[in-house]
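Notes for the one structure printed next.
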Amino acid sequence: MIKKGNLPTKICTICEKPFAWRKKWERVWDKVKYCSEKCRRNRNKVK
């Protein structure tokens with residue numbers, strides 16, 4: 001079990017802000033690239 005204070009983080013490839021691990025990403029954490037659905041939808045609109 002991961003404690004709340006020790007959650008792994010990543011940097012979103014779109015907005016470049018850090019985001020923390022979530023329970024729903026437990027099995028796919030290595031594949032997660034975006035912090036939110038909004039960033040995922042806007043991935044083709046980046047500079």
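Here are the numbers:
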{"quantity": "Computed FRET value (nearest 0.05) for ASN44 with LYS23, which takes r as the C-beta separation and R₀ as 30 Å", "calculated": "0.60"}
{"quantity": "At 0.890 mPa s and 25 °C, Stokes D of the chain from Kirkwood alpha-carbon radius, µm² per second", "calculated": "214 µm²/s"}
{"quantity": "Spatially proximal lysines relative to LYS3 (Cα-Cα < 30 Å; intrachain offsets below 8 disregarded)", "calculated": "LYS17, LYS23, LYS24, LYS31, LYS33, LYS38"}
{"quantity": "Cα lying deepest toward the dipole's positive end in the chain, options ASN44, TRP21, GLY5, charges on Cβ", "calculated": "ASN44"}
{"quantity": "In Hz, Karplus ³J(HN,Hα) per residue of segment 11-22 (6.51, -1.76, 1.60; θ = phi - 60°; x = Gly, Pro)", "calculated": "9, 5, 6, 9, 8, 6, 9, x, 9, 9, 4, 10"}
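The numbers here are math on the coordinates, done by the rules we state, and not lab data. None of these values were measured; they are calculated from a predicted model. Using ideal geometry, Cβ is built from the backbone for each residue, glycine included, and neighbour counts are taken over all protein chains shown.
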